[in-house]
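Reviewing the structure listed below.
The values are calculated or read from the model by the stated rules, or taken from the named source; none is laboratory data. Quick caveat, the model's predicted, so the values are computed rather than measured. Every residue, glycine among them, receives a Cβ derived from its backbone with ideal geometry; neighbour counts consider all protein chains shown. The accessibility values were calculated without ligands, DNA or RNA, using every heavy atom of the protein model including side chains. Shrake-Rupley method; radii C 1.70, N 1.55, O 1.52, S 1.80 Å.
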Amino acid sequence: MRIGVEEEFHLLEVESGLLVPRADAVLRRLPRRTFTTELHQSTLESNSEVHASLGGLYADLSRTRRRLDAAASSLGLAVAAAGTAPLAPAASGHPTAGARYRHMVEEYRQVADEQLICGAQVHVDIPDRDTAVEVMCAVSPWLPALLALSASSPFWQGADTGYASWRTLLWQRWPTAGPVGCFTDAAEYDAAVGDLVRAGVISDPGMIYYDVRPSAHLPTLELRICDACPRVETVVLVAGLFRALVTEALERRATGAVLCDGRHEWLRGASWRAARSGLEGVLVDPRTHREAPAADVVRALLARLRPALESHGDWQTVRDLTEAALADGSAAERIRRTAREEDLLACTDLLIAETRGERRQRRPAPAAPVPRRKVTRFVAGAAGSGAPEVLGT
């Protein structure tokens with residue numbers, strides 16, 4: 001069961017930490033098979049190869065990030081993988097040319113104007129669309145835990161939102177974003193999508209932005225709930241857990257088990273809770289629908305998926321990455337910690353460094369303010385450990 005990943009990146013001016021609408025210039029220095037545009041010119045997307053092992057995925061994503069960083073650096077720019085860029089003004093978007101993007105900007109107005117967010121999508125092979133729809137419902141209750149692991153967007157327009165993933169709140173303004181409902185088969189799902197297109201709510205099936213969906217163009221089930229992740233290890237962790245969730249659901253399906261109870265009305269609240277708390281608070285436990293410490297919910301998911309992880313040779317890698325993530329906290333907490341000790345420009349430095357695979361050293365606060373650059377300073381109010389040395393293959 002192979003996996004692939006799409007990652008979105010902010011394009012930044014290093015000195016100011018602000019978004020820069022120069023995606024086309026960067027893409028001219030990169031192969032279009034791997035890299036592409038997004039709605040706004042301050043965002044780029046990479047597409048991994050397809051992999052059977054987490055080790056292969058890790059190597060691919062690391063190599064792709066290095067290549068993207070080199071292309072941006074050659075223009076005096078930098079890239080950052082995070083749900084939001086800490087210093088991004090709300091109205092700083094520059095739409096990419098093309099009829100589809102032009103329609104989105106004209107139809108959705110401020111929702112599209114403020115689409116200055118980045119996510120990470122994981123694709124897992126699935127046998128057919130009927131199976132994809134059944135498995136989609138089965139894995140949905142555990143997806144908020146994956147959102148909590150990925151949370152990396154506490155700041156918006158230079159202010160602490162109080163959320164670990166503000167990107168989630170921005171994203172859910174689209175008419176088809178958020179938790180998916182329950183469908184009996186692919187025909188019922190496709191009919192619902194067709195109704196939305198005919199009603200003019202969306203222009204095409206590619207605008208179905210559910211937290212998980214059958215891919216519109218690949219024979220895969222696609223995870224869409226997660227923030228872009230500064231550390232590539234987090235992407236690998238989420239990919240490993242999602243593949244195991246799909247594997248576990250397929251195994252239950254083969255026994256004739258009922259995969260979904262048809263009750264997903266609680267999931268929007270669970271997703272909100274994950275976006276609010278990240279790993280540092282409570283989540284909604286899918287087994288009880290009651291609040292529980294995030295670490296307990298994540299470890300319960302890990303225990304549930306151990307047989308599936310072992311079947312792919314992923315258990316040791318995913319267990320180690322999970323414990324490292326819980327020990328070090330979410331990216332949102334690392335960003336907030338940097339803001340408390342320094343400022344939001346230092347947060348941008350942190351995101352750029354982690355996207356490059358580096359671990360930025362935290363600096364002690366100076367005795368007196370000493371600006372590092374001739375830029376406007378944004379100081380935020382209060383609101384790492386490295387990866388395992390060996391990734392499983």
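Just a few scattered comments:
- Selection status of residue 275, touching a Phe, Trp or Tyr at 6+ places or on another chain (Cβ under 6 Å) and either open to solvent by less than 20 Å² (accessible area, probe 1.4 Å) or part of a strand (DSSP E or B) (or both): yes
- Out of 75, 68, 12, 27, sole residue that is surrounded by fewer than 16 Cβ atoms within 10 Å (Cβ to Cβ), under 23 Å from residue 95 (Cα atoms) and among the hydrophobic types (A, V, I, L, M, F, W, C): 75
- Hits in the range 300-328 - residues which are aliphatic (A, V, I, L, M) and either in contact with a Leu (Cβ under 9 Å, 6 or more places away or on another chain) or part of a loop (DSSP other than H, G, I, E, B) (or both): 301, 302, 305, 308, 309, 318, 321, 324, 325, 326
- Residue in the range 190-210 that is nearest to residue 107 (Cα to Cα), counting only those that are within 19 Å of the chain's Cα centre (by Cα) and open to solvent by less than 10 Å² (accessible area, probe 1.4 Å): 207
- Restricting 181, 206, 158, 162 to those that are on the phi > 0 side of the Ramachandran plot and modelled with pLDDT under 95 reduces the list to 158.
- Residue check for residue 351: surrounded by 18 or more Cβ atoms within 10 Å (Cβ to Cβ) and touching a strand residue (DSSP E or B) at 6+ places or on another chain (Cβ under 6 Å): yes
Per-residue answers, yes or no, for (1) assigned to a helix (DSSP H, G or I); (2) within 18 Å of residue 111 (Cβ to Cβ):
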site: 168; (1), (2): yes, yes
site: 175; (1), (2): no, yes
site: 188; (1), (2): yes, no
site: 218; (1), (2): no, no
site: 222; (1), (2): no, no
site: 229; (1), (2): no, no
site: 238; (1), (2): yes, no
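- Near pairs, Cβ below 7 angstrom, 6+ apart or cross-chain, from the range 247-260 (assigned to a loop (DSSP other than H, G, I, E, B)) to any residue that is modelled with pLDDT of 90 or more and among the acidic types (Asp, Glu): 259/134
- Screening 52, 97, 70 for residues that are over 24 Å from residue 5 (Cα atoms) and among the aliphatic types (A, V, I, L, M) leaves exactly one candidate, 97.
- Among the conditions (1) at positive phi; (2) under 20 Å from the mean Cα position of the chain (by Cα); (3) open to solvent by 30 Å² or more (accessible area, probe 1.4 Å), the only one that residue 329 does not satisfy is (3).
- Out of 157, 121, 110, 115, sole residue that is under 26 Å from residue 281 (Cβ atoms), open to solvent by 20 Å² or more (accessible area, probe 1.4 Å) and among the polar types (S, T, N, Q): 157
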